[in-house]
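The values are calculated or read from the model by the stated rules, or taken from the named source; none is laboratory data. Being a predicted model, the structure only gives us computed values, none of them experimental. Backbone-built Cβ (ideal geometry, glycine too); neighbour counts: all protein chains shown.
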Amino acid sequence: MSVAFPLLAMVLTGCVIPPSLEVDQQDAAANSAPVITAVRSNTEQIREPGPLKVIRGASAGSLSVEVVDTDVADRLFVRLYVNYTIDEPQPSRADCVAAGSDTPRRDCAADLTALCTSNDVAAPPENLPLVNVKVFDREPMTAGDPPFQAMVEGGLTSGLTFKLDCDDPIE
């Protein structure tokens with residue numbers, strides 16, 4: 001019985017291990033989605049639903065896209081898709097890249113020369129094409145799901161949609 005009592009006392013009181021006095025270390029910051037904060041043509045800021053007015057061809061100019069991403073080291077990829085649907089996915093018609101920086105706010109300018117086609121010019125006002133301006137924090141891949149917008153695991157995206165009003169250049 002003299003051996004049983006100390007064993008019973010140890011079992012009932014348990015083993016006391018002192019807590020760690022070190023501060024917890026976080027592995028990495030949470031990945032955040034990039035967000036488009038402004039879209040500007042050569043002449044004005046564009047607000048949803050638009051329209052975004054573009055002259056077809058060499059006179060198209062550029063579109064300035066302002067993005068915010070708290071993951072400041074991420075390169076951000078902006079793509080412009082016209083009438084993109086899951087049933088009929090199309091590659092982007094314009095793009096630009098915003099390099100990583102020491103601030104969350106970044107800009108890039110997409111050349112709009114190839115944004116409008118002759119079919120887009122012929123669209124009646126009630127059936128204007130739609131342009132999706134999307135920002136990705138990983139480079140979109142041609143293959144994958146969805147096509148032309150798939151990213152490696154962990155990639156995040158957001159976007160805005162505008163009506164696209166295309167005109168032929170004045171000759």
Report task. Exactly one condition in (1) exposed (fewer than 10 other Cβ atoms within 10 Å of the Cβ); (2) out of contact with any Ser or Thr (no Cβ under 8 Å at 6 or more places or on another chain); (3) at pLDDT 90 or above is not met by Ala58; state its number. Result -> (2)
Query raised in the report: Val97: surrounded by fewer than 16 Cβ atoms within 10 Å (Cβ to Cβ) and in a strand (DSSP E or B), yes or no?
Result: yes
Query raised in the report: Within the range 107-126, is there a residue that is surrounded by 17 or more Cβ atoms within 10 Å (Cβ to Cβ), of a type in the set (A, V, I, L, M), under 18 Å from the mean Cα position of the chain (by Cα) and more than 19 Å from Gln45 (Cα to Cα)?
Result: no
Report summary line: Within the range 29-54, the count of residues that are surrounded by fewer than 17 Cβ atoms within 10 Å (Cβ to Cβ), in contact (Cβ under 8 Å) with a residue 40 or more places away in the chain, of a type in the set (Gly, Ala, Ser) and in contact with a strand residue (DSSP E or B) (Cβ under 6 Å, 6 or more places away or on another chain) comes to 1
Query raised in the report: Can Val65 be described as in contact (Cβ under 8 Å) with a residue 60 or more places away in the chain, part of a strand (DSSP E or B) and either under 21 Å from Asn127 (Cβ atoms) or not hydroxyl-bearing (Ser, Thr, Tyr) (or both)?
Result: yes
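So that you can scan it fast, the table gives a plain yes or no per residue for (1) under 15 Å from Thr161 (Cα atoms); (2) part of a loop (DSSP other than H, G, I, E, B):
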residue: Tyr81; (1), (2): yes, no
residue: Gln90; (1), (2): no, yes
residue: Ala110; (1), (2): no, no
residue: Asn119; (1), (2): no, no
residue: Arg138; (1), (2): no, yes
residue: Pro146; (1), (2): no, yes
